[in-house]
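Student: Okay, handing you the structure first.
The values are calculated or read from the model by the stated rules, or taken from the named source; none is laboratory data. Please read all numbers here as calculations on a predicted model, not as lab measurements. No Cβ is skipped: glycine too gets one built from the backbone with ideal geometry, and neighbour counts run over all protein chains shown.
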Amino acid sequence: MENFDRKNHWETIYQTKQLNDVSWYQPTPETSLEFIKQFNLPKTAKIIDIGGGDSFLVDHLLDLGYQDISVLDISASAIEKAKLRLGEKSYKVKWIVTDITLFKPTEQYDFWHDRAAFHFLTSETDISTYLETARQAISSSGIMVIGTFSEQGPKKCSGIEIKQYSENSMKEQLKNIFEKINCITIDHKTPFDTIQNFVFCSFKKLELS
């Protein structure tokens, strides 16, 4: 796995599979939307969706009237699919094509959302890079929500090993930078009628002296 080409892998996935042929397909991302509602984000909040690809969260955010949305994904093909689906609305979104471990944020975000991207990072170097990037990119009063496969969820996805998390291991992984607010577990039903168990946790930045 040392020479694994992460970008090429995901470009191939998005070039060869239809939207509802992937396990993460979710027309209405209810859990993510519920977190946004819970934190009562103003419509002017800066929101970034990490690994958003061609997911539908951006559609719902636009429909809800959010005005400052960024979508980051490693796959240019995924981003193009989302742009085509949104049509004219796509011009209201900032699209960022990069590997999250190479992302150099140029602004700070009020809400960092990641459903099923973080768990693909299995090396300590990639994980620490991700968390340091998030620390830099999230505003002092900002919120981070991460959804990953739980310890009852799959061990692989799209042919790649993932890192499972529990509420405790997620809290432990982030403890030096972020403070846990709330964690929940949910079952996601895939288009293939299988169930994937997720843990979703929200965090705020620690106030460093």
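Student: Take the residues in the stretch 35-57 that are over 19 Å from Glu107 (Cα atoms) and within 15 Å of the chain's Cα centre (by Cα); name whichever of them is surrounded by the fewest Cβ atoms within 10 Å (Cβ to Cβ).
Tutor: So in the stretch 35-57, the residues over 19 Å from Glu107 (Cα atoms) come out as 35-40, 53-57.
So of that shortlist, the ones also within 15 Å of the chain's Cα centre (by Cα) come out as 35-36, 53-57.
On the way: Phe35: 22, Ile36: 21, Gly53: 26, Asp54: 22, Ser55: 24, Phe56: 17, Leu57: 22.
Only one residue tops the list, namely Phe56.
Student: When you scan the stretch 149-172, do you find a residue that is more than 22 Å from Gln26 (Cα to Cα), in contact with a Lys or Arg (Cβ under 8 Å, 6 or more places away or on another chain) and not in a helix (DSSP H, G or I), even just one?
Tutor: No, every residue in the stretch 149-172 fails to be more than 22 Å from Gln26 (Cα to Cα), in contact with a Lys or Arg (Cβ under 8 Å, 6 or more places away or on another chain) and not in a helix (DSSP H, G or I).
Student: Check whether at least one residue in the stretch 59-66 is out of contact with any Asp or Glu (no Cβ under 9 Å at 6 or more places or on another chain), part of a helix (DSSP H, G or I), under 16 Å from Gln136 (Cα atoms) and among the hydrophobic types (A, V, I, L, M, F, W, C), and report yes or no.
Tutor: Checked the stretch 59-66: no residue is out of contact with any Asp or Glu (no Cβ under 9 Å at 6 or more places or on another chain), part of a helix (DSSP H, G or I), under 16 Å from Gln136 (Cα atoms) and among the hydrophobic types (A, V, I, L, M, F, W, C).
Student: Continuing with the same structure: Run down Ser202, Ser140, Ser158, Ser150 and say which single residue is at pLDDT below 90 and of a type in the set (Gly, Ala, Ser).
Tutor: Working: Ser202 fails: at pLDDT below 90; Ser140 fails: at pLDDT below 90; Ser150 fails: at pLDDT below 90.
The unique qualifying residue is Ser158.
Student: For residues in the stretch 108-120 being in contact with a helix residue (DSSP H, G or I) (Cβ under 8 Å, 6 or more places away or on another chain) and at pLDDT 95 or above, which is surrounded by the fewest Cβ atoms within 10 Å (Cβ to Cβ)?
Tutor: Once the filter is applied, the top-ranked residue is Gln108.
Student: If you go through the stretch 33-43 one residue at a time, do you hit one that is touching a residue at least 24 places away in the same chain (Cβ under 8 Å), of a type in the set (Asp, Glu) and closer than 26 Å to Lys189 by Cβ?
Tutor: Within the stretch 33-43, none of the residues are touching a residue at least 24 places away in the same chain (Cβ under 8 Å), of a type in the set (Asp, Glu) and closer than 26 Å to Lys189 by Cβ.
Student: Can you say whether Ile186 is in contact with a helix residue (DSSP H, G or I) (Cβ under 6 Å, 6 or more places away or on another chain), in contact (Cβ under 8 Å) with a residue 40 or more places away in the chain, assigned to a strand (DSSP E or B) and surrounded by fewer than 17 Cβ atoms within 10 Å (Cβ to Cβ), as far as the supplied structure shows? Before the answer, list the steps.
Tutor: Numbers: in contact with a helix residue (DSSP H, G or I) (Cβ under 6 Å, 6 or more places away or on another chain): yes; in contact (Cβ under 8 Å) with a residue 40 or more places away in the chain: yes; assigned to a strand (DSSP E or B): yes; surrounded by fewer than 17 Cβ atoms within 10 Å (Cβ to Cβ): yes.
Criteria met by Ile186.
Student: Consider Trp95 against the criteria (1) closer than 21 Å to Thr12 by Cα; (2) in contact (Cβ under 8 Å) with a residue 60 or more places away in the chain; (3) among the aromatic types (Phe, Trp, Tyr): it satisfies all of them except one. Which criterion is unmet?
Tutor: With (1) closer than 21 Å to Thr12 by Cα; (2) in contact (Cβ under 8 Å) with a residue 60 or more places away in the chain; (3) among the aromatic types (Phe, Trp, Tyr) applied to Trp95, the lone miss is (2).
Student: Scan (1) over 29 Å from Ser150 (Cβ atoms); (2) assigned to a helix (DSSP H, G or I); (3) modelled with pLDDT of 95 or more for the single condition Glu80 breaks and write down its number.
Tutor: (3)
Yes or no, residue by residue, for (1) outside any strand (DSSP E or B); (2) in contact with a helix residue (DSSP H, G or I) (Cβ under 9 Å, 6 or more places away or on another chain); (3) exposed (fewer than 14 other Cβ atoms within 10 Å of the Cβ); (4) among the aromatic types (Phe, Trp, Tyr):
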site: Ser70; (1), (2), (3), (4): no, no, no, no
site: Trp95; (1), (2), (3), (4): no, yes, no, yes
site: Ser139; (1), (2), (3), (4): no, no, no, no
site: Val145; (1), (2), (3), (4): no, yes, no, no
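Student: Let me ask something additional. Can you name the number of the only condition in (1) at pLDDT below 95; (2) of a type in the set (Gly, Ala, Ser); (3) loosely packed, with under 13 Cβ neighbours inside 10 Å that Gly87 fails?
Tutor: All conditions are met except number (1).
Student: So which residues in the stretch 132-160 are in contact with a strand residue (DSSP E or B) (Cβ under 8 Å, 6 or more places away or on another chain), within 17 Å of Phe178 (Cβ to Cβ) and not β-branched (Val, Ile, Thr), if there are any at all? So that I can check it myself, show each step before the final result.
Tutor: Restricting attention to the stretch 132-160, the residues satisfying the condition of being in contact with a strand residue (DSSP E or B) (Cβ under 8 Å, 6 or more places away or on another chain) are 134-135, 137-155, 157.
Then keep just the ones that are within 17 Å of Phe178 (Cβ to Cβ); that gives 134-135, 137-148.
Passing the criteria: Ala134, Arg135, Ala137, Ser139, Ser140, Ser141, Gly142, Met144, Gly147.
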